Each structure stands twice: as structure tokens, then as C-alpha cells.
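Visitor: Before we start, here is the structure in question, set down as C-alpha cells.
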């Protein structure tokens, strides 16, 4: 089963993301799919630590991940790139299904992750404008 997941207990200010995918892509950087570390705010790290892990690591390091989705908004572009947000699946924070994080499409690590997700058809297309979490309004 294809899935995107993020480690619950990781370095503060960083997210460790794994994409477990059986679709082959020239952009894969692991035999199971893809992995990357991207910066995040400390509140994201704190939120992740409060979640109960659901998924095993694709690198066989134990059950320490929760699900994640990459939401793409093709109608809303910034600098010619569609807006992308990451939805961490868990307890309600700023979204009914968990926590939404906006990402900067100007950062190489994020761009590479989004390119990989596009290559394996794992971006979840959304209509309209990106979600504006209450504290960001």
C-alpha cells in the first residue's frame, strides 16, 4: 500500500518523511520509495511527539510514524508553482484531520519531495485556496 508518513519523535525543528511506494520513479532515493528531512516550526515537532505512531518505518526501525498527505492547489500559485501543504494525520490541531503545514516551494528539499510525489501520482489535488489555519489568519 502506498503511503506518506512522518516520524513522531525526531529532531526538534525537523520532519523526517518517508514515502512508501511500489510505483517506480527515477526520482526514488530509497528502494521503498523516498525519504527526506525538511525543516519545520518547533510547534510541528511538539505536535508530532504528542501523536501515537501508527506505521512501521520503511527502514525497519520500528513503529514510529503517522500518516501524512501532500495537498496541492493548482489554481493557487506562488511564483508559478502550485501551493502545497502537508497534512499530518492525527488529533485535531488546526484541521479536523490533524495539522496542516504550509511549505515553501522555493526550498530544494521541498521541491524535490513534491517532484517525487508528482512522479508517483501521490499529490492530493484540492480545489480553491489553501487552508488557512486559524492562528495564521
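Every number here is computed from the coordinates shown, using simple stated rules; none is lab data. Quantities reported herein were computed from a predicted structural model and do not represent experimental measurements. Note that we place each Cβ from the backbone using ideal geometry, even for glycine, and neighbour counts take in every protein chain shown.
Visitor: Restricting to region 5-56, name every residue that is touching a strand residue (DSSP E or B) at 6+ places or on another chain (Cβ under 9 Å) and more than 24 Å from residue 102 (Cα to Cα).
Guide: 22, 23, 25, 30, 32, 56
Visitor: Please enumerate the residues belonging to region 105-120 that are farther than 17 Å from residue 37 by Cβ, assigned to a helix (DSSP H, G or I) and either within 12 Å of the chain's Cα centre (by Cα) or touching a residue at least 60 places away in the same chain (Cβ under 8 Å) (or both).
Guide: 119
Visitor: Considering region 57-81 alone, what residues qualify as being within 14 Å of residue 110 (Cα to Cα) and in contact with a strand residue (DSSP E or B) (Cβ under 6 Å, 6 or more places away or on another chain)?
Guide: Hits for region 57-81 are 69, 70, 71, 72.
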